Each structure stands twice: as structure tokens, then as C-alpha cells.
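J.: This is the structure I want to talk about, given as C-alpha cells.
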Amino acid sequence: MTPASPSRLRLGTRGSSLALAQARMMAARLRELHPGLEAEEVVIRTRGDELVDSPLHQVGGKGLFVKEIEEALLGGRIDAAVHSLKDLPGELPPGLVLGAVPEREEPWDVLVSRGGESIRNLAPGSRVGTSSLRRRAQLLRYRKDLEVVDLRGNVDTRLRKVAEGQVHAAILAAAGLNRLGLGERATEALAPEVMLPAVAQGALGIETREGDAETLALLAALEHLPTRQAVEAERRAMAVLEGGCKVPMAAFAELRRGRLRLRALVASLDGERLAEAEGEDAPERASALGEEVARRILAAGGRDILSEIERA
């Protein structure tokens, strides 16, 4: 396998408008940080891009969007890959590492409604679109009188379905809208008390081969340690809970006055039951914090909820 040239870097990405925007943003930043570097985007189609009509939890979950890209990385066809970090499973394949975690974008979910209504003011029976079990469960917990419908497709497709009236509203990640220059389409930012975000939402992960010193050296300039520590706590909690697209799980960590604080939850599929916990620790103990909070969730009823979901 030929190592990456210090003057050229091939960045793998999915072909959606959001994925391309994120990859181009990282390529531009790398060229700025390393004058003379030739950074190019290499589009790789994933199975998740082809299965657009089925709910994610029914067709395989997180790995759908990364498997083909990781194969290209391991095969040496690309040098690094730009992912929405929330799409990456908790455990990476042998031989791959997160070479950089850049500074996080806005982590919250937002509501986009056709008539400009807030989540509280949507009429009973309004159809709200989302493909996420996490969003579905938390929305039903907050507003049982809404009809939650599955909504797949890229950001442009989901916005179009709202505009055309196929749904009254949709829930999307603020980060995706912001990176596409569509932040003004958000009607309302959803408070974490209403909609705790997905693990690593708003963060990017730059994946590369373990031991590829030249590529790792190039990517190091993108690293934002506070974001790395926050998502490490969230991802460790996810790993302990064995969460993913098949489990309504949410987590968010942030640094406050030198301490890392984490809140996480798991919910039943109908939103009726919730097990949540929070904690704080030194930021260098991010993984231990994630594990501790996850074990509190299991003890607080999370184990029963997860067993019920597994049976379903």
C-alpha cells in the first residue's frame, strides 16, 4: 500500500449535498493550514444512499453510511474519510482510527414547519417527519397527539416534503442546515429538555488508517480537543448501552468550567418510558464518564427498556 503523499490527500465522502459540503469544508481548511497541499474529494456511494425508502433501524443502522468508505480507506484508494460522526458506529474496524475531530457545529435538533408553528403550537394530529427512533420517541413523549411519520432522504428532499405539505413539519439537525447555508429554514431550535441530540451530533470525524503517520500529521491541525473529549464520552455511553439507530438513545456532553458534563437517555419506542442519567468528571476521563453514566441508565430502568426493544 502506497502511503499518502504529504503534498496530496484524497478525502473520501458520500455524495449527498451535505456530505460534499462537509468534505469540501475540511479540504479547504487543510489547504489553508498546509499551503501547497492538494486535497481532493473522492465520492463513494454507500448502501445507505441506495436504501432511501426504508427506515434506518430496519435496514442496518449506522454502518450503512460508512462501510464502503471504510473499505476504500483500508484498500488505500483514499487517504482519509470525512464523516458526520453520528453516523460512525461506536467501534471502528481494526486498522482505522479517528485522525481528527474538528470543532463541533451547533449540536441541537431544529423544527422546520410549513406554517412557521413551534413544536408546542402545532395542531393536534399534525404529521411530523423524521427517520430517527430517538427523535420519534422524544417527540411522542412531549406531544402524544402528533402523528410521527417516517421521512428519509437528504436535507433538500426533507425540506421539499415540508414545503409541498407531505408533512406539516420535520425535525432535522441544526448542523446540517447550517453547513448547507440553510439555517434560516429552521422554525425553532428544540431545547435539550424536549429533544436531547444524537451521540456526536454536529461533530465531524476524520477517519484514517492507523499508523499512516503522514496523513495523521496533516489531520492533526484540524483537531479540537474539547470536542474530541465530549464525543468520546457520548460514544462510550453508546457503546456500553449498545445503542445506535435501532435504539432511541440520546447523549450530549460539554465542557463547563473545566469539567466535562454528560447527560444521556434511552427511551421506549413509544416514548412512554425513559431512563436517563447525568454526571461530570475531568475531561481527560471522558471515556470513564461515558461508561459511568451509561451504567446509571441501565440501573435506572434502561436495561429493561433495551431488553424490550431487542425482543420487538
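J.: Here is a check on your reading of the model: is residue 139 surrounded by 17 or more Cβ atoms within 10 Å (Cβ to Cβ), at pLDDT 95 or above, assigned by TED's automatic domain parsing to the domain that holds residue 25 and not small (Gly, Ala, Ser)?
T.: no
J.: Continuing with the same structure: Checking the conditions here, which among 302, 279, 243, 290 is free of Cβ contacts under 8 Å to residues at least 24 places away in the same chain and either crowded, with 24+ Cβ neighbours inside 10 Å or of a type outside the set (A, V, I, L, M) (or both)?
T.: The unique qualifying residue is 279.
J.: Can you pull out the residues in the stretch 172-192 that are among the small types (Gly, Ala, Ser) and either farther than 21 Å from residue 22 by Cα or in contact (Cβ under 8 Å) with a residue 60 or more places away in the chain (or both)?
T.: Passing the criteria: 173, 174, 175, 176, 186, 189, 191.
J.: Which of the residues that make up the stretch 108-122 are closer than 19 Å to residue 158 by Cβ and either outside any strand (DSSP E or B) or touching a helix residue (DSSP H, G or I) at 6+ places or on another chain (Cβ under 9 Å) (or both)?
T.: Our first condition is that a residue be closer than 19 Å to residue 158 by Cβ; within the stretch 108-122, this holds for 108-119, 122.
Result: 108, 109, 110, 112, 113, 114, 115, 116, 117, 118, 119, 122.
J.: How many residues are in contact with a Lys or Arg (Cβ under 9 Å, 6 or more places away or on another chain), closer than 18 Å to residue 137 by Cα and not in a helix (DSSP H, G or I) if we restrict to the stretch 274-312?
T.: Residues that pass the stated criteria total 4.
J.: Here's a check for you: in the stretch 220-247, which residue that is at pLDDT below 95 and part of a loop (DSSP other than H, G, I, E, B) is farthest from residue 135 (Cα to Cα)?
T.: 242
J.: Then there is this: Quickly run through the stretch 73-92 and pick out the residues that are under 21 Å from the mean Cα position of the chain (by Cα) and either part of a helix (DSSP H, G or I) or surrounded by fewer than 23 Cβ atoms within 10 Å (Cβ to Cβ) (or both).
T.: Within the stretch 73-92, 73, 85, 86, 87, 89, 90, 91, 92 meet the criteria.
J.: Could you check residue 113 against (1) hydroxyl-bearing (Ser, Thr, Tyr); (2) over 23 Å from residue 231 (Cα atoms); (3) not assigned by TED's automatic domain parsing to the domain that holds residue 170 and say which number it fails?
T.: Of the numbered conditions (1) hydroxyl-bearing (Ser, Thr, Tyr); (2) over 23 Å from residue 231 (Cα atoms); (3) not assigned by TED's automatic domain parsing to the domain that holds residue 170, the odd one out for residue 113 is (3).
J.: Only one of 182, 255 is surrounded by fewer than 24 Cβ atoms within 10 Å (Cβ to Cβ), closer than 21 Å to residue 109 by Cα and either in the same structural domain as residue 122 (by TED's automatic domain parsing) or β-branched (Val, Ile, Thr) (or both). Can you tell me which? Break it down stepwise before answering.
T.: On the way: 255 fails: either in the same structural domain as residue 122 (by TED's automatic domain parsing) or β-branched (Val, Ile, Thr) (or both).
Going through 182, 255 in turn, the sole match is 182.
J.: In the list 110, 167, 101, which residue meets the criterion of being touching a His at 6+ places or on another chain (Cβ under 8 Å) and not basic (Lys, Arg)? Can you show your working first?
T.: Details: 110 fails: touching a His at 6+ places or on another chain (Cβ under 8 Å); 167 fails: touching a His at 6+ places or on another chain (Cβ under 8 Å).
Residue meeting the stated conditions: 101.
The values are calculated or read from the model by the stated rules, or taken from the named source; none is laboratory data. Being a predicted model, the structure only gives us computed values, none of them experimental. Positions of Cβ are backbone-derived with ideal geometry, glycine not excepted, and every protein chain shown enters the neighbour counts.
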